[in-house]
Each structure stands twice: as structure tokens, then as C-alpha cells.
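K.L.:
To start, I am sharing the structure in question, which I have written as C-alpha cells.
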Amino acid sequence: MIKRSDIRFSQLRAFLEGLGFSATRGKQGWRFVHEPSDTILIFRPYRRTERVFMPDLFIIRWQLDGHGLLPENASDESLTKAPA
């Protein structure tokens, strides 16, 4: 069984949108696009209050760090706060 984080999908979505990502939901799930950095994140069809899977948080941190959008050592707590 895949472990879930304490972060709700609505928190993650707000965080990513605060970084400039645009979100769209299709039948297959969520797609977040950050055009200035050419970053695309794709997720399963999470519900708003559903807790995010830990592997998804790992991928988010890895992608954001790799595209210069967030340091890799940022804590999960930073995902729940609005960016400066």
C-alpha cells in the first residue's frame, strides 16, 4: 500500500498555482503546466480533500528543484504555504 502524506490535494493545487502553474482536470487526472520553465506535472484524479501520495510529493520536489522553482531541501510544510 502506498503511503499518503498529510497534505490535501487542495493545498498542493494552491501551492502550485501560486508558483505560476495552470491546472486542468481531465478524465484521466490532473495536469499542471508552468510554461516559463517548461514544467509539466501529471497526477491521478485526486479529489480536493484527498491526501496526496508520498511518491507524488517526491516527484514534485524533484521536478521543481530540477527546473529551479524550489530547492530540493524544502520541507513538505512549504507545500502548504503560499509562496513569497
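The values are calculated or read from the model by the stated rules, or taken from the named source; none is laboratory data. Since the model is a prediction, treat every value here as computed from it, not as a measurement. A quick note on method: Cβ atoms are made from the backbone with ideal geometry, for glycine too, and the neighbour counts reach across all protein chains shown. These area figures cover heavy atoms from the full protein model, side chains too; ligands, DNA and RNA do not enter into them. Shrake-Rupley method; radii C 1.70, N 1.55, O 1.52, S 1.80 Å.
K.L.:
What full-extension length gain, to one decimal in nm, is calculated for Leu19 and Met54 as 0.36 nm per residue of separation minus the Cα-Cα distance?
P.N.:
Full extension of this stretch gives 10.6 nm more.
K.L.:
Can you figure out the FRET efficiency of His67 with Ser10, using R₀ = 25 Å and their beta-carbon distance, to the nearest 0.05?
P.N.:
With R0 = 25 Å, the Cβ-Cβ based efficiency is 0.60.
K.L.:
Still on this structure, I have one more. Give the accessible surface of segment 1-71 per residue, rounded to a whole number of Å², with probe radius 1.4 Å and ligands, DNA and RNA excluded.
P.N.:
Per residue, segment 1-71 has an accessible area of 63 Å².
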